[in-house]
């Protein structure tokens with residue numbers, strides 16, 4: 001049995017256990033280290049995946065802008081931008097969710113107000129145009145009567 | 001592989017205060033020490049007069065490394081000649097000691113013992 005332990009020890013030292021923990025502590029402690037090691041592998045994999053995602057965004061942005069630059073003045077369009085902020089990984093807290101909802105509502109209200117103003121403006125413009133036309137017509141009628 | 005259930009350590013109470021005086025368990029060090037002294041678990045059932053007492057002594061080493069064998073022997077065999085006041089008479093104690101001895105290896109490989117997938121036997125028998 002001791003040879004088995006000695007052979008396995010190097011693996012457990014590699015995943016963070018100490019020599020004393022391996023030999024003197026609770027024999028079941030190795031399960032905790034194994035779990036922790038598994039989690040570390042998963043975390044590393046997630047990090048690498050995220051790194052890949054950032055690289056993808058950077059590359060596609062750069063390529064799009066490069067293609068845009070090559071397209072000449074005729075095909076000029078707005079430059080693509082890299083992600084404005086890091087990708088959020090942790091879930092939002094209740095407070096943050098509420099804040100976001102308020103923000104979105106305000107944005108929506110501002111959008112509606114803008115549309116309202118636009119409609120008002122268009123209505124006024126239309127009325128002005130109608131008045132102008134009516135005046136023009138009136139002028140034409142009076143000019144004809146004068147003649 | 002799911003974590004197997006841990007075998008509970010043996011607690012020995014002080015006869016006067018009734019408080020826990022000794023905790024009996026094995027770690028890898030105590031098994032290494034036992035094996036260094038040529039202790040073999042299968043001998044426990046072959047040499048019933050000496051080997052269980054030895055196993056009992058090794059069970060102390062994890063939490064009480066300085067304990068002497070004569071102290072544990074006195075607890076195991078008792079003071080009387082027929083061992084009637086010794087712990088060797090406690091039913092199930094030896095079986096629990098054997099279970100505890102195999103804990104470190106079980107912890108390493110889980111229930112299957114060898115860390116490989118459990119092979120179902122090809123044939124079934126009725127006894």
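Within region A:30-62, what residues put their amide N at less than 15 Å from the label point 7 Å along the Cα-to-Cβ vector of residue A:14? Only A:34, A:37-38, A:41 pass the distance filter.
In units of the compact-protein estimate 2.2 N^0.38 Å, region B:1-47 shows a Cα radius of gyration of 1.57.
Annotation: the residues A:70, B:24, sorted from fewest to most other C-beta atoms within 10 Å of their own C-beta, follow the order A:70, B:24.
Relative contact order for chain B: 25 percent, from Cα pairs under 8 Å spaced at least 6 residues apart, divided by residue count.
Evaluated on chain B, the Kirkwood hydrodynamic radius is 16.2 Å, with distances taken between all distinct Cα atoms. Evaluated at q = 0.26 Å⁻¹, a Debye calculation over the C-alpha positions of region A:64-147 (equal weights, vacuum) places log10 I(q)/I(0) at -1.13. Taking every alpha-carbon pair under 8 Å whose residues sit at least 6 apart, chain A reaches a relative contact order of 10 percent.
Summary of packing: across the peptides B:10-20, A:11-21, the per-residue average of other C-beta atoms within 10 Å ranks them, highest first, as A:11-21, B:10-20.
Between residue B:19 and residue A:43, the FRET efficiency from the beta-carbon distance, with R0 = 45 Å, is close to 0.50.
Only helical runs count toward this figure. For chain A, summing -39,500 (n - 2.57) over DSSP H runs of n ≥ 4 and dividing by all residues gives -28000 deg cm²/dmol at 222 nm. In terms of other Cβ atoms within 10 Å, A:22, A:121, B:77 run from fewest to most in the order A:121, B:77, A:22. Look at the stretch B:33-40: the mean tally of other chain Cβ atoms within 10 Å of its residues' Cβ atoms is 1. Judged by the mean number of other Cβ atoms found within 10 Å, the most tightly packed of the peptides A:27-36, A:100-109 leads the ranking A:27-36, A:100-109.
Axis angle, to the nearest 10 degrees, between helix A:2-14 and the longest C-alpha principal axis of chain A: 30 degrees. Counting, for every residue in A:34-42, the Cβ atoms of other protein chains within 10 Å of its Cβ and taking the mean gives 0.
The angle separating the long axis of helix B:51-60 from the principal Cα axis of greatest extent in chain B is about 90 degrees. Tilt of helix A:94-146 relative to the longest C-alpha principal axis of chain A, in degrees (0 to 90, nearest 10)? Between helix and principal axis, roughly 10 degrees. Each Cα pair of region A:1-99 feeds into the Kirkwood radius, which the Stokes-Einstein equation turns, at 37 °C and 0.692 mPa s, into a diffusion coefficient of 177 µm²/s. Per residue of A:3-13, other chain Cβ atoms within 10 Å of the residue Cβ number 2 on average.
Volume per residue for region B:39-85 equals 75 cubic angstrom (convex hull of Cα atoms).
The mean sequence distance of close C-alpha pairs (under 8 Å, at least 6 residues apart), as a share of the length of region A:1-77, puts its relative contact order at 16 percent.
None of the figures in this text is laboratory data; all of them are computed from the coordinates on show. Owing to the predicted nature of the structure, the values given are computational and were not obtained by experimental measurement. Neighbour counts are summed over all protein chains in view; Cβ atoms, including those assigned to glycine, are modelled from backbone coordinates with ideal geometry.
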